[in-house]
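Comments concern the structure below.
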Ligand code: SF4
(Lines give C-alpha, C1' and ligand atoms only; values in the text may rest on other atoms or scores of the structure.)
Protein backbone atom coordinates (compact mmCIF):
# COMPACT_ATOMS: atom_id res chain seq x y z
CA UNK A 1 0.00 0.00 0.00
CA UNK A 2 1.38 3.37 -0.97
CA UNK A 3 1.95 6.13 1.50
CA UNK A 4 -0.97 8.44 2.18
CA UNK A 5 0.00 12.06 1.76
CA UNK A 6 -0.46 14.43 4.65
CA UNK A 7 -4.00 15.82 4.68
CA UNK A 8 -4.64 14.19 1.30
CA UNK A 9 -8.38 14.54 1.86
CA UNK A 10 -8.10 18.26 1.27
CA UNK A 11 -6.90 17.66 -2.29
CA UNK A 12 -9.30 17.41 -5.25
CA UNK A 13 -10.74 13.93 -5.65
CA UNK A 14 -9.17 13.63 -9.10
CA UNK A 15 -5.74 14.07 -7.52
CA UNK A 16 -6.02 11.15 -5.06
CA UNK A 17 -4.09 7.91 -5.41
CA UNK A 18 -5.99 4.63 -5.32
CA UNK A 19 -5.02 4.16 -1.66
CA UNK A 20 -6.08 7.66 -0.72
CA UNK A 21 -9.39 7.19 -2.54
CA UNK A 22 -10.08 4.02 -0.56
CA UNK A 23 -9.06 5.66 2.70
CA UNK A 24 -11.61 8.44 2.22
CA UNK A 25 -14.54 6.13 2.94
CA UNK A 26 -15.86 6.56 6.49
CA UNK A 27 -17.44 3.09 6.47
CA UNK A 28 -20.98 4.29 7.16
CA UNK A 29 -22.42 1.48 5.04
CA UNK A 30 -25.10 3.59 3.38
CA UNK A 31 -24.00 2.76 -0.15
CA UNK A 32 -24.28 -0.97 0.66
CA UNK A 33 -28.04 -0.71 1.12
CA UNK A 34 -30.59 -1.54 -1.54
CA UNK A 35 -32.68 1.17 -3.10
CA UNK A 36 -36.04 0.95 -4.77
CA UNK A 37 -36.18 2.70 -8.12
CA UNK A 38 -39.53 3.33 -9.78
CA UNK A 39 -39.28 2.77 -13.50
CA UNK A 40 -41.99 5.23 -14.47
CA UNK A 41 -40.70 8.21 -12.49
CA UNK A 42 -37.06 7.36 -11.89
CA UNK A 43 -37.68 8.17 -8.22
CA UNK A 44 -35.37 6.39 -5.81
CA UNK A 45 -36.36 5.40 -2.29
CA UNK A 46 -33.98 4.19 0.37
CA UNK A 47 -34.35 0.97 2.35
CA UNK A 48 -32.81 -0.56 5.43
CA UNK A 49 -31.92 -3.73 3.53
CA UNK A 50 -28.22 -4.47 3.32
CA UNK A 51 -26.21 -6.37 0.75
CA UNK A 52 -25.71 -9.97 1.83
CA UNK A 53 -22.00 -9.31 2.37
CA UNK A 54 -22.57 -6.49 4.83
CA UNK A 55 -22.43 -7.41 8.50
CA UNK A 56 -25.61 -5.72 9.81
CA UNK A 57 -24.10 -5.28 13.27
CA UNK A 58 -20.90 -3.54 12.22
CA UNK A 59 -21.91 -2.19 8.78
CA UNK A 60 -18.64 -3.51 7.41
CA UNK A 61 -18.25 -5.64 4.31
CA UNK A 62 -17.38 -9.18 5.32
CA UNK A 63 -15.31 -9.82 2.20
CA UNK A 64 -14.37 -6.48 0.72
CA UNK A 65 -11.44 -7.86 -1.24
CA UNK A 66 -13.48 -10.48 -3.08
CA UNK A 67 -16.85 -8.76 -3.04
CA UNK A 68 -17.16 -8.56 -6.81
CA UNK A 69 -16.97 -12.35 -7.05
CA UNK A 70 -20.02 -12.68 -4.81
CA UNK A 71 -21.85 -9.51 -5.76
CA UNK A 72 -20.99 -8.72 -9.38
CA UNK A 73 -23.04 -5.52 -9.43
CA UNK A 74 -21.40 -4.11 -6.30
CA UNK A 75 -20.83 -0.49 -7.14
CA UNK A 76 -17.23 0.57 -7.18
CA UNK A 77 -17.35 4.30 -6.58
CA UNK A 78 -15.47 6.38 -9.10
CA UNK A 79 -15.26 10.12 -9.48
CA UNK A 80 -17.79 9.98 -12.32
CA UNK A 81 -20.23 7.92 -10.29
CA UNK A 82 -19.88 10.24 -7.30
CA UNK A 83 -20.72 13.18 -9.53
CA UNK A 84 -23.61 11.37 -11.21
CA UNK A 85 -25.53 9.56 -8.49
CA UNK A 86 -28.05 11.41 -6.35
CA UNK A 87 -28.39 8.92 -3.54
CA UNK A 88 -25.06 9.15 -1.74
CA UNK A 89 -25.75 10.56 1.72
CA UNK A 90 -24.93 14.17 2.44
CA UNK A 91 -22.39 12.92 4.96
CA UNK A 92 -20.47 10.77 2.43
CA UNK A 93 -16.87 11.92 2.21
CA UNK A 94 -16.80 11.45 -1.56
CA UNK A 95 -19.91 13.48 -2.09
CA UNK A 96 -18.73 16.20 0.25
CA UNK A 97 -15.33 16.52 -1.35
CA UNK A 98 -16.87 16.44 -4.84
CA UNK A 99 -19.00 19.39 -3.70
CA UNK A 100 -15.97 21.21 -2.31
CA UNK A 101 -17.00 20.65 1.30
CA UNK A 102 -14.68 19.55 4.12
CA UNK A 103 -14.90 16.16 5.74
CA UNK A 104 -17.41 15.91 8.59
CA UNK A 105 -15.73 16.65 11.89
CA UNK A 106 -16.37 13.09 13.13
CA UNK A 107 -14.56 11.54 10.14
CA UNK A 108 -11.91 9.10 11.28
CA UNK A 109 -9.22 10.78 9.21
CA UNK A 110 -9.69 13.83 11.44
CA UNK A 111 -10.37 12.10 14.76
CA UNK A 112 -8.23 8.98 14.40
CA UNK A 113 -11.11 6.78 15.57
CA UNK A 114 -13.13 4.70 13.09
CA UNK A 115 -15.91 4.28 15.67
CA UNK A 116 -16.74 7.97 15.54
CA UNK A 117 -18.97 7.37 12.52
CA UNK A 118 -21.09 5.19 14.81
CA UNK A 119 -21.05 7.71 17.68
CA UNK A 120 -22.13 10.44 15.27
CA UNK A 121 -25.23 8.40 14.41
CA UNK A 122 -24.24 8.14 10.77
CA UNK A 123 -23.29 4.47 10.48
CA UNK A 124 -26.06 2.02 9.64
CA UNK A 125 -24.57 -0.50 12.08
CA UNK A 126 -27.34 -2.22 14.01
CA UNK A 127 -30.06 -0.49 12.00
CA UNK A 128 -30.32 -2.70 8.94
CA UNK A 129 -31.42 -6.18 7.97
CA UNK A 130 -29.61 -8.45 5.53
CA UNK A 131 -31.18 -9.09 2.16
CA UNK A 132 -31.05 -12.78 3.00
CA UNK A 133 -33.66 -12.19 5.73
CA UNK A 134 -35.54 -9.15 4.52
CA UNK A 135 -38.20 -10.28 2.06
CA UNK A 136 -39.68 -7.72 -0.37
CA UNK A 137 -37.69 -4.50 -0.54
CA UNK A 138 -40.88 -2.46 -0.73
CA UNK A 139 -41.58 -3.44 2.88
CA UNK A 140 -38.37 -1.81 4.01
CA UNK A 141 -38.51 1.68 2.59
CA UNK A 142 -37.05 4.15 5.10
CA UNK A 143 -35.88 7.72 5.21
CA UNK A 144 -32.37 7.95 6.49
CA UNK A 145 -31.77 11.13 8.38
CA UNK A 146 -29.03 13.05 6.66
CA UNK A 147 -29.16 15.82 9.22
CA UNK A 148 -26.02 14.41 10.79
CA UNK A 149 -24.45 16.58 8.13
CA UNK A 150 -25.07 19.40 10.59
CA UNK A 151 -22.51 17.78 12.86
CA UNK A 152 -19.90 18.26 10.15
S1 LIG B 1 -21.78 6.25 1.64
FE2 LIG B 1 -19.72 7.07 1.19
S3 LIG B 1 -18.67 7.13 3.18
FE4 LIG B 1 -20.47 5.80 3.44
S5 LIG B 1 -19.72 3.71 3.06
FE6 LIG B 1 -20.47 4.49 1.09
S7 LIG B 1 -18.67 5.42 0.08
FE8 LIG B 1 -18.16 5.13 2.26
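Just to verify a result, which residue in the stretch 79-95, among those that are within 12 Å of the ligand (Cβ to nearest atom) and in a loop (DSSP other than H, G, I, E, B), is farthest from the chain's Cα centre (by Cα)? Residue satisfying both the conditions and the ranking: 85.
Please work out which residue is farthest from residue 115 (Cα to Cα), limiting yourself to the stretch 13-28 and to residues that are in contact (Cβ under 8 Å) with a residue 12 or more places away in the chain and in a loop (DSSP other than H, G, I, E, B). The selected residue is 17.
Identify, please: which residue in the stretch 1-19 is over 22 Å from residue 81 (Cβ atoms) and exposed (fewer than 14 other Cβ atoms within 10 Å of the Cβ) and is, among those, modelled with the lowest pLDDT? Top of the filtered list is 1.
For the stretch 52-76, a tally of residues being touching a residue at least 12 places away in the same chain (Cβ under 8 Å), touching a helix residue (DSSP H, G or I) at 6+ places or on another chain (Cβ under 7 Å) and away from the ligand (no atom under 15 Å from the Cβ) returns 1. In the set 105, 114, 119, only one residue is within 14 Å of the ligand (Cβ to nearest atom) and more than 18 Å from residue 50 (Cα to Cα); that residue is 114. Scanning the stretch 29-51 for residues that are assigned to a loop (DSSP other than H, G, I, E, B) and either without any contact (Cβ under 8 Å) to a residue 24 or more places away in the chain or away from the ligand (no atom under 16 Å from the Cβ) (or both) yields 38, 39, 40, 41, 42, 43. Name the single residue, out of those in the stretch 55-78 being assigned to a loop (DSSP other than H, G, I, E, B) and in contact with a strand residue (DSSP E or B) (Cβ under 7 Å, 6 or more places away or on another chain), that is farthest from residue 35 (Cα to Cα). Restricting to residues being assigned to a loop (DSSP other than H, G, I, E, B) and in contact with a strand residue (DSSP E or B) (Cβ under 7 Å, 6 or more places away or on another chain), the top hit is 62.
The values are calculated or read from the model by the stated rules, or taken from the named source; none is laboratory data. Values in this document were obtained by computation on a predicted structure and should not be read as measured data. Please note: Cβ atoms are built from the backbone with ideal geometry, for glycine as well, and neighbour counts cover all protein chains shown.
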